[in-house]
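Heads up: the structure comes next, in structure tokens.
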Amino acid sequence: MDLRDFYLLAALIACLRLDSAVAQELIYTIREELPENVPIGNIPKDLNISHINAATGTSASLVYRLVSKAGDAPLVKVSSNTGEIFTTSNRIDREKLCAGASYAEENECFFELEVVILPNDFFRLIKIKIIVKDTNDNAPMFPSPVINISIPENTLINSRFPIPSATDPDTGFNGVQHYELLNGQSVFGLDIVETPEGEKWPQLIVQQNLDREQKDTYVMKIKVEDGGTPQKSSTAILQVTVSDVNDNRPVFKESQVEVHIPENAPVGTSVIQLHATDADIGSNAEIRYIFGAQVAPATKRFFALNNTTGLITVQRSLDREETAIHKVTVLASDGSSTPARATVTINVTDVNDNPPNIDLRYIISPINGTVYLSEKDPINTKIALITVSDKDTDVNGKVICFIEREVPFHLKAVYDNQYLLETSSLLDYEGTKEFSFKIVASDSGKPSLNQTALVRVKLEDENDNPPIFSQPVIELSVSENNRRGLYLTTISATDEDSGKNADIVYQLGPNASFFDLDRKTGVLTASRVFDREEQERFIFTVTARDNGTPPLQSQAAVIVTVLDENDNSPKFTHNHFQFFVSENLPKYSTVGVITVTDADAGENKAVTLSILNDNENFVLDPYSGVIKSNVSFDREQQSSYTFDVKAVDGGQPPRSSTAKVTINVMDVNDNSPVVIYPPSNTSFKLVPLSAIPGSVVAEVFAGLFRIDPVTGNITLEEKPTPNDVGLHRLVVNISDLGYPKSLHTLVLVFLYVNDTAGNASYIYDLIRRTMETPLDRNIGDSSQPYQNEDYLTIMIAIVAGAMVVIVVIFVTVLVRCRHASRFKAAQRSKQGAEWMSPNQENKQNKKKKRKKRKSPKSSLLNFVTIEESKPDDAVHEPINGTISLPAELEEQSIGRFDWGTAPPTTFKPNSPDLAKHYKSASPQSAFHLKPDTPVSVKKHHVIQELPLDNTFVGGCDTLSKLSSTSSDHFSASECSSQGGFKTKGPLHTRQVNEHFYWSISTAYKCPINQY
């Protein structure tokens, strides 16, 4: 709390102690520019006025009323009920309220008002003084936005010039606090002087020498700031004008001036306008012009000088021959002691009245006025020295020397008025033999005057041109098989020289042994017979040489193209083409490609192929040579096809040739094994009880019996006992070694173990009954029902069986007679057969799980030798039933062929195997049985993937290189000549060279009651 506030508080306390009827005073302090309804004070609270009537003790209702003049806009308002003082909508502006008065920090700005308290019983007069504190709501401002100050240019450094101060309605720290000079350019500075009253006066300080002639005005900014928060500022433009002082003398723009004027210039002609400048202004810059004391009197007679303008004019006629140069000194003064000086040199120019002169002196002596040159003379050969002159001077005496027209000569300047006449390019006698031209000398006067001199030059010929061919490349064409000495063309060249320099001889270059050339005439002829097939094009050079000294020559290239004639027949790459295909190759498949060439060209080379004698079994593409089949192959019907192919070219007349083509059909395993013996599926063979182990009982074994997997011989494994007496059924699976898949056939073999076979009908009846028993069951399991049948039924069965046996034997004999030759012809290697034996321990379980299948009425063959069967053979009759091999039999195998361990065949690892281009789509084999032969499997359905370039040709030597393309990997083949291919390893044969594996699938015993 400062001292002033302490005094105010003491006064307030003193007022409160006065009697209530006496006037009281309150003092409040506020900030200017407060908004409306801001509370300032509370009269009853601040004066501690009680609303209780002391006399009566009752509460009184006091009314507070502001005393104001009529028409005044109150700055505050008083609540009539509470006595609270508030600001109104009339803003309190300290600068407006205390306008015109200068208030320092300790001088206050305030206003007073009176408030009365009613009613009369409680009347009081309250004087209220409201002190208004300053707010920084005004920026300091200069008296003018532009402040002009004039300073003489000879002002000393650090001289000070006052600047009008800025004013700020605010007071205290909110008033002017700081000045700043902006863009003083280092010429001026700013200093602040503070008065005892606290005012701040800015002063401008000169920091560098001023020169009005260099810069007469400086424009800057001065900035003033107050100390309020937020800080406010303003700027004004400070323009300083530098006033002039006569400190500069006049200066000529040029102190040395040279002018030219013709000697015939008339009087009054202006010679030159002199101009001097003074950096000062006003009277300090007024200049006068006068001649200097050094000017000769004669010169003053010829020229006049204007004292004010400085213009020099001609006042008397000039004569260049009398005086060619006049020098004049002119002074320029502004009243000071040191005038400016300029020297004017006046050159009187000549008038062109004299023509130039030419002095021609020859370096090469002329003959009768003509200079002789050789065309081989080099460039810049000197001919003459020329000197030109002119009596006039300056422009009129300046001479230009040149040659009148375009010639291979030029003038080379050696001095200002001397020139050398030289050759400018190589001379060519053949182009121009003689030159005649003028040398012109011309001055630069107006009008120009000139002089000429005539020069004649003749050339002498030199051998400088070689012979030139009309064509640098000569192209000819000639048909082959020509006659010797045939005229081809005439080669010619020209020479632009003359005399002996133009005589030409011709000569052939290397690689021209097939041609002759006449040295004088250039006639080119053929010295040999051309063969296009040996050489189609000849390229050589021809040289043309003149008889000059030294001789010159040039060359031309000659290209002779030999045209084709149809003198070559088409040539096959082989006289005999051999292709190998599989017999299951589909119709319209690619068989091979015929390759043929023709040494001719163009249409003579275009070859068309055709088949001569094939009966439309094959189709040949006439252009590509691709052979496609038009027949389905069957090696068993036809193992090879042979026909001739003809090739005809397109020449006129056409030429042709033929070649032989052989298509070899390779075997595919498409025939199942055929059982030759036993002859019937219902036959049997007696095995006596006295038979010893190892003896052959039949040719096709299990349990008691054993079968040879190669020969098919069935032998006793052990000696039979009485418990073995009865009918035994053997199921034999016969498989070949075919590729890509083996085929097989099932056959039933019945062996009757007994000392005798007296009742054959009964045995056949048993065989018939066993056909009803599934293959996975023992035929003995179903024998008991047979023994309980009626005897009549047995007898009927015996009779019927006997009849069946007779019929079967008859048919078998008939079939064997008709096909004996075919059976003996089967020689093919087949994949091994598999023999399977069921699990005897599980046969009782299998019997319960499987239903009995109805067996076919017909029987299988008994003992049969194997041959291949043809599916389309009409002799083989269809079977009446089907025997299904049990799953156990398929799972167990004896002697199955292992392809991974098979011995190497005729195929090389990298040989082009046609069989690789086929895919088998044949179904799994089914076990169909016929009365006399096993069922054959249909041929494989294949998809051919043979590329066009897979072609195999030639004889045995070719086959040995290309390897076999047979689809039968186990066929034994041998070539009669060297090379060829053979199977490796032993071949197992039986009757015919067929490969089979035998195995017993079942061996079931059927007990028989003895009668």
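The values are calculated or read from the model by the stated rules, or taken from the named source; none is laboratory data. Predicted, not measured: the structure shown is a model, and the values here were computed from it. Ideal geometry is used to build each Cβ from the backbone, glycine not excepted, and the neighbour counts take in all protein chains shown. When the accessible area is computed, the model is the full protein with side chains, heavy atoms only, and any ligands, DNA or RNA have been set aside. Shrake-Rupley method; radii C 1.70, N 1.55, O 1.52, S 1.80 Å.
The table below lists the values:
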{"quantity": "Verdict on V399 being surrounded by 15 or more Cβ atoms within 10 Å (Cβ to Cβ), touching a Cys at 6+ places or on another chain (Cβ under 8 Å) and not aromatic (F, W, Y)", "calculated": "no"}
{"quantity": "Unmet requirement for T549, which otherwise passes all of (1) of a type in the set (S, T, N, Q); (2) part of a loop (DSSP other than H, G, I, E, B); (3) in contact with a strand residue (DSSP E or B) (Cβ under 9 Å, 6 or more places away or on another chain)", "calculated": "(3)"}
{"quantity": "Condition met for I386 (of a type in the set (A, V, I, L, M), within 18 Å of F409 (Cα to Cα) and not in a strand (DSSP E or B))", "calculated": "no"}
{"quantity": "Cβ-Cβ under 6 Å pairs, at least 6 apart or on other chains, region 445-465 side at pLDDT 85 or above, far side surrounded by 15 or more Cβ atoms within 10 Å (Cβ to Cβ) and among the small types (G, A, S)", "calculated": "S448/S442; N450/S442; Q451/A441; N463/G548"}
{"quantity": "Residue within region 308-327 that is assigned by the TED database to the domain that holds Q273, outside any loop (DSSP other than H, G, I, E, B), in contact with a Ser or Thr (Cβ under 9 Å, 6 or more places away or on another chain) and small (G, A, S) present", "calculated": "no"}
{"quantity": "Region 452-496, residues that are part of a strand (DSSP E or B), charged (D, E, K, R) and over 26 Å from A544 (Cα atoms)", "calculated": "R456, K458"}
{"quantity": "Cβ pairs under 9 Å, 6+ apart, first in region 709-732 and closer than 21 Å to Y764 by Cα and in a loop (DSSP other than H, G, I, E, B), second hydrophobic (A, V, I, L, M, F, W, C) and modelled with pLDDT under 80", "calculated": "V725/L689; V725/I1008"}
{"quantity": "Members of region 369-388 that are at pLDDT 90 or above and open to solvent by 50 Å² or more (accessible area, probe 1.4 Å)", "calculated": "Y372, P378, I379, N380, K382"}
{"quantity": "Matching residues, region 516-540, being within 14 Å of T490 (Cα to Cα) and assigned to a strand (DSSP E or B)", "calculated": "D516, L517, V523, L524, T525, A526"}
{"quantity": "Verdict on G431 being over 30 Å from E536 (Cβ atoms), open to solvent by less than 20 Å² (accessible area, probe 1.4 Å), modelled with pLDDT under 90 and in the same structural domain as S365 (by the TED database)", "calculated": "no"}
{"quantity": "Strands (runs of 3 or more DSSP E) within region 588-660 that include 1 or more residues within 30 Å of L563 (Cβ to Cβ) and open to solvent by less than 40 Å² (accessible area, probe 1.4 Å)", "calculated": "607-611, 640-649"}
{"quantity": "Subset tally (residues that are out of contact with any Phe, Trp or Tyr (no Cβ under 9 Å at 6 or more places or on another chain) and open to solvent by 70 Å² or more (accessible area, probe 1.4 Å)) for region 476-495", "calculated": "4"}
{"quantity": "Residue within region 207-223 that is within 26 Å of E33 (Cβ to Cβ) and surrounded by fewer than 19 Cβ atoms within 10 Å (Cβ to Cβ) present", "calculated": "yes"}
{"quantity": "Within region 565-587, tally of residues that are surrounded by 22 or more Cβ atoms within 10 Å (Cβ to Cβ) and of a type in the set (S, T, Y)", "calculated": "1"}
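For (1) touching a Lys or Arg at 6+ places or on another chain (Cβ under 8 Å); (2) modelled with pLDDT under 85, each residue gets a yes or a no:
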| residue | (1), (2) |
| --- | --- |
| N158 | no, no |
| I163 | no, no |
| F173 | no, yes |
| L182 | yes, no |
| S186 | no, no |
| T195 | no, yes |
| Q214 | no, no |
| D226 | yes, no |
